[in-house]
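Working notes for the structure below.
Values in this text are rule-based calculations from the coordinates and carry no lab data. For clarity, every value in this text was computed on a predicted model and none was experimentally measured. Backbone-built Cβ (ideal geometry, glycine too); neighbour counts: all protein chains shown.
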Amino acid sequence: MTRSIRNRSAFTLIELLVVIAIIAILIGLLLPAVQKIREAAARMKCSNNLKQIGLAVHNYESAFGYLPPARVDGGGPVVGPMPEFGITTTTNYVQHGPGTYLLPYLEQEPLFRGYNFNLSWNDIGNRAVVGTKLSVFICPSSPDGDRLDPGASASQTPKYNPGIAVSDYTINNGLNQRLYTPPLNLIPPPAGYTPGVDSTQYVGALLPYSVISSFTTGMNPPFYNRKPKVRLVTVRDGLSNTMFWTEDAGRPIRWTLRTPNPNSFTSGAGWSDPDNEMWVDGYTTNGVTAGGPCMMNCNNNNEVYSFHSGGALILLGDGHVVFARDTMAPIVMAQLTTANGGDITPSEY
């Protein structure tokens with residue numbers, strides 16, 4: 001019986017190389033698309049984080065009748081108790097950051113109950129609370145979501161116990177006077193600014209409730225020495241024209257443009273840190289020197305900074321989040337920062 005023999009087909013080497021080349025081209029075309037999708041998802045999550053913070057701010061205002069403080073410094077024999085902020089001690093001078101007061105409105109009631117407001121945020125007694133990482137304060141686009149604030153660079157004596165959970169978001173509530181004084185003169189002085197009076201550089205809506213030293217004059221007069229109870233209805237520039245929170249991502253590592261400096265740290269990285277609130281200083285366009293026309297993404301040393309391409313996310317007072325371009329002019333940043341400047345913010349920035 002004769003058995004038929006069938007020829008078996010197979011790829012030649014050239015055909016195999018062509019197939020591999022086609023697959024490589026397809027992967028090369030697909031990867032940028034995948035990266036764009038991932039970044040779009042990360043930016044959406046980042047925006048949602050800011051929206052949750054905005055909702056918490058509004059719920060706090062609804063509960064107490066005024067906006068939450070940007071920081072609180074009180075207690076002790078000089079300043080005295082501040083019971084509305086949980087401070088009853090006349091022994092300890094204590095400090096608390098803005099994120100601490102939002103905890104109940106961010107579904108973190110157990111953490112809030114575990115926090116001792118008669119001890120400072122950096123006291124060992126509050127370590128367990130302030131060391132808790134909260135996803136609502138972390139932008140997925142930022143590198144290393146498990147960052148902790150070590151307190152200081154390796155060459156310095158730590159200013160507080162290490163292991164502070166960080167935040168990629170901050171309150172922007174002021175304009176450094178260098179922006180509207182010689183030699184820069186980048187913007188007109190904001191309404192209410194008094195030369196030589198540090199506290200009048202605070203022109204935002206979320207303000208410190210504090211009595212601490214001036215940068216230049218010690219306690220005479222106190223730097224803050226103010227107890228503002230700001231309500232939403234008193235933001236005369238309009239809530240949709242006033243910045244509340246914004247991105248300042250990547251801290252505590254110092255970033256210049258898109259380059260990290262692992263040996264340099266920025267202050268105010270923790271969500272519980274009273275220094276989490278900031279003024280806009282502006283930077284030179286190379287990101288090296290404070291005081292310049294670059295309003296965002298040049299340096300994250302207490303400046304608007306994100307890892308999103310082309311700009312950063314900003315939470316406005318009415319609760320909605322906008323993506324601002326990193327080419328923003330200094331005057332527009334000033335208009336967004338001021339709560340009662342009497343200025344008109346452009347519809348696009």
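Structure above, values below:
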{"quantity": "Length added when fully stretched, L55-I124, from 0.36 nm per residue minus Cα-Cα", "calculated": "21.8 nm"}
{"quantity": "Selected from T242, I37, C294, residue furthest toward positive end of dipole (the range 32-337; charges at beta carbon)", "calculated": "I37"}
{"quantity": "D144/A40 FRET efficiency (R0 25 Å; Cβ-Cβ; nearest 0.05)", "calculated": "0.75"}
{"quantity": "Assigned charges on the beta-carbon of Lys, Arg, Asp, Glu; the chain dipole about Cα centre (debye)", "calculated": "1000"}
{"quantity": "N48-I344 pseudo-label distance in nm [points 7 Å out on the Cα-to-Cβ vector]", "calculated": "3.7"}
{"quantity": "Residues R226 and S62, FRET efficiency given R0 of 22 Å [Cβ-Cβ distance, rounded to 0.05]", "calculated": "0.45"}
{"quantity": "Label-point separation, T200 to T91 (7 Å along Cα→Cβ), nm", "calculated": "4.1"}
{"quantity": "Segment D318-N261, extension gain: residue separation times 0.36 nm, minus the distance between their alpha carbons", "calculated": "16.9 nm"}
{"quantity": "Two-site label geometry, A290 and T12: point separation in nm, points 7 Å out along Cα→Cβ", "calculated": "7.0"}
{"quantity": "For the chain, with +1 on Lys and Arg beta carbons and -1 on Asp and Glu, the positive-most of P143, Y115, I212 along the dipole", "calculated": "P143"}
{"quantity": "Helix 13-64 vs. the chain, principal-axis angle (Cα, 0 to 90°, nearest 10)", "calculated": "20"}
